[in-house]
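J.: Sending over a structure as structure tokens; questions will come in a sec.
Nothing in this text is a laboratory measurement; each read-out follows from the coordinates by a stated rule. This one's a predicted model, so the numbers in the text were calculated from it and none came from an experiment. All Cβ positions, even for glycine, are placed from backbone atoms using ideal geometry, and neighbour counts span all protein chains on display.
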Amino acid sequence: MKSRTIHTDKGNGRSYPVGATVYPDGVNFSIYSRNANAVELLLFDDDDAKAPARIIPLNDQVNRTFYYWHVFVPGLKPGQLYGYRVYGPFAPDKGYRFDGHKVLIDPYAKALNFGKNYQREAAISPGDNCAHAVKSVVVDTSTFNWEDDYPLRYDYFESVIYELHVGGFTKHPTSGLATDIRGTFKGLIEKIPYLQSCGITAVELMPVQQFDEQDVPSPLVNYWGYNPISFFAPHMGYSSVKNPLGVLDEFRDMVKALHRAGIEVLLDVVFNHTAEGGHEGPTFSLRGLENETYYILEKDKSKYANYSGTGNSLNANRSVVRRMILDCLRYWVMEMHVDGFRFDLASVLSRDEEGRPLQNPPTLLSIESIPEIAHAKIIAEAWDAAGLYQVGSFAGNRWAEWNGHYRDDVRRFVRGDDAFVPRIASRILGSPDIYPESMLGPSRSINFVTCHDGFTLNDLVSYNHKHNQANLEDNCDGLDENCSWNCGVEGDTDDPQIEALRIRQIKNFMTILMISQGTPMILMGDEIRRTQAGNNNAYCQDNELSWFNWDNLGQNSALQRYVKLLIEFVQDRKLFSQENALIIGEHHEKAHLLWHGVRLGQPDWSDDSHSLAFTLHFPEYGEKLHIMLNLFWEPLTFELPPLPYGRRWIRIADTHLPAPEDIISLKTASESVNTIEESGYIVFDRSVVILMGQ
């Protein structure tokens with residue numbers, strides 16, 4: 001029998017796990033590059049070092065297995081700064097963009113370090129960028145004490161999601177926090193009692209994957225963070241401890257604290273593109289490792305397909321990229337204990353390497369079947385920036401979806417547009433016209449009126465037009481049509497009648513959102529009239545224009561009280577936490593919902609109708625509600641359904657009434673002042689009323 005060579009030199013390293021893996025006696029490094037000619041591992045002693053302290057060339061005979069380059073370095077510890085130089089052909093017309101002058105980030109790095117001399121431009125300009133480059137950091141995630149932390153595992157139908165920007169939530173001086181923790185994960189911890197008081201069950205954090213704040217024209221900064229340079233590393237800018245290992249502990253402390261408060265943590269993840277941008281963008285990592293593997297290229301391979309609207313599109317269905325995405329999701333769930341994800345422009349992930357939509361996209365189907373994250377929420381923004389709109393037709397069997405139709409139809413109904421009563425009825429039902437064969441129930445429709453992208457709720461009722469001049473793009477950015485109405489005056493006003501109407505419209509939006517079947521999502525600060533002064537694309541406004549102004553909590557305490565009690569009421573009703581579609585029909589013995597107009601049993605579906613009423617009834621739970629929506633500009637008198645002897649209608653909410661009469665706590669629901677004795681109820685113009693049978 002022929003003898004064979006057995007390789008036992010640990011210094012050669014191993015191809016798996018990918019990234020930097022800590023062992024008791026050193027660190028194993030592994031990265032993927034198919035077409036590289038040579039790879040160097042760079043070790044740094046200082047984040048702003050002009051040159052590496054040590055360069056370890058990787059021998060393609062012993063430090064390469066298939067397309068993975070690897071090496072084991074004894075004696076290294078967590079906190080070690082490192083990077084790569086990868087050499088190969090620079091032939092953009094063939095898809096190759098190797099540049100051995102650039103320090104590259106490890107795509108699997110769990111932490112990054114930005115030196116004080118970091119410059120995005122240095123990753124674009126020719127030549128060595130070592131002194132200005134981002135460095136990867138060796139991390140050991142096994143040492144953190146999670147204590148008794150565990151996933152909360154709320155069902156969608158139990159959830160109220162609050163879309164929150166980690167920096168903007170506490171950065172304003174009115175937050176009352178110490179300067180060093182404003183705008184950080186630690187600062188968010190301090191404000192958890194506020195989230196609890198509002199009845200929030202999940203925070204959806206805008207991107208916390210490390211992003212490039214310099215990815216906008218100076219002097220602006222990238223505020224939103226939809227431009228990742230690392231998928232595994234938390235954003236250093238959100239850490240009060242300015243060292244690359246401290247940010248991991250601070251993030252995990254935040255997750256623990258939120259879980260203890262009964263609040264889930266959902267991450268807004270960006271796997272559709274990176275901050276490397278188009279063909280004139282910087283070389284941070286993927287471009288310099290294996291350009292054509294990681295990105296979808298045009299037929300002219302020197303150009304990038306741009307389905308994200310940001311210059312490039314990740315080639316998500318290539319096997320290496322798919323594995324990276326799956327590994328990343330496992331990491332955030334298993335090692336960082338997050339409860340789920342919202343996928344930005346998720347439809348990009350359904351495109352093949354030529355940009356064509358796939359009927360059964362491997363990456364999306366793989367994500368929903370990862371056993372380690374089977375309990376986690378996965379929510380798709382089911383469209384992309386190139387016209388692919390998949391709301392109601394997204395891949396797979398498990399995904400929830402941001403319901404863009406819900407947003408637009410509710411906005412137009414509340415604005416007073418014609419022909420929207422049938423649509424609003426469908427949205428209230430959980431959009432069965434969009435999800436006609438859903439096995440998952442109406443709660444997979446993530447209902448929202450506002451989100452980070454567009455007007456805040458206050459601005460939706462205060463502006464007819466966008467006002468984005470502060471973005472320095474001549475007001476050409478952002479959507480032109482916002483389905484908004486300024487109630488008679490553009491912007492701020494001292495007119496008490498217009499102010500009263502705006503507050504009423506805000507309450508109308510919130511009420512319709514909360515009484516709809518599906519999972520509600522609220523934008524940070526809408527409950528206290530946070531304004532962006534009409535800017536509907538504040539991605540580059542890291543200032544008071546975007547931040548949560550805590551003084552508004554006092555100025556708009558009545559509105560915040562309304563939203564709080566509305567959430568409390570809805571969360572206590574089985575009627576609004578149904579896994580299955582409601583049964584509709586006057587003659588169905590198990591009907592849950594009956595439609596009405598101003599007259600019982602006579603809904604007006606005509607184009608010029610602006611009103612609708614419906615009765616919800618769950619006798620098994622002893623719950624009966626009658627809800628009236630009048631978005632007409634004159635009062636209307638609605639007939640009320642008769643109740644069995646001994647029962648009566650109690651007014652829970654009327655958006656036309658001033659605070660505190662506009663909504664009551666269930667503790668005071670039996671007070672005679674809220675008892676409706678008549679057979680009809682006058683719903684004033686542009687108002688919504690909730691009655692409860694008692």
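J.: Could you size up the charge dipole of the stretch 10-143 around its Cα centre, putting +1 on the beta carbon of Lys and Arg and -1 on that of Asp and Glu, and report it in debye to the nearest 20?
T.: Computed charge dipole of the stretch 10-143: roughly 260 debye.
J.: Treat every Asp and Glu Cβ in the stretch 561-647 as -1 and every Lys and Arg Cβ as +1, leave all other atoms uncharged, and give the resulting dipole magnitude about the Cα centre to the nearest 20 debye.
T.: 380
J.: Identify all lysines with a Cα-Cα distance to Lys94 below 24 Å; exclude those on the same chain that are fewer than 8 residues away in sequence.
T.: Answer for Lys94, where 24 Å is the Cα cut-off: Lys102, Lys299, Lys301, Lys303, listed by chain and number.
J.: Given the options Gly387, Val320, Gln541, identify the residue whose Cα lies farthest towards the positive end of the charge dipole of the chain (+1 on Cβ of Lys, Arg; -1 on Cβ of Asp, Glu).
T.: Checked the options; the winner is Val320.
J.: Strictly over 31 Å apart at the Cα level, which of Lys171/Lys256; Lys116/Lys171; Lys77/Lys116; Lys10/Lys186 would you flag in this model?
T.: Lys10/Lys186
J.: Run through all the Cα pairs of the stretch 233-323 and give the fraction in each 10 Å bin from 0, expressed as whole percent.
T.: 15, 34, 25, 21, 5, 0
J.: Something else: Before anything else, pin down the relative contact order of the chain: Cα pairs under 8 Å, at least 6 apart, normalised by residue count, whole percent.
T.: 10
J.: Pairwise over distinct Cα atoms, reciprocal of the mean inverse distance: report the Kirkwood radius of the stretch 10-143 in Å, one decimal place.
T.: Computed over Cα pairs of the stretch 10-143, the Kirkwood hydrodynamic radius comes out at 15.1 Å.
J.: Could you grab the relative contact order for the stretch 1-136? Cα pairs under 8 Å, six or more apart, rounded to a whole percent.
T.: So the answer I get is 25 percent.
J.: Going Cα to Cα from Lys667, which lysines come in below 27 Å? Please leave out same-chain ones fewer than 8 positions away.
T.: Lys191, Lys507, Lys564, Lys574, Lys624
J.: Right, another one. Compute, for the chain, the length of the dipole vector about the Cα centre, with Cβ point charges of +1 (Lys, Arg) and -1 (Asp, Glu) only. Units Debye, rounded to 20.
T.: Dipole of the chain, to the nearest 20 debye: 2020 debye.
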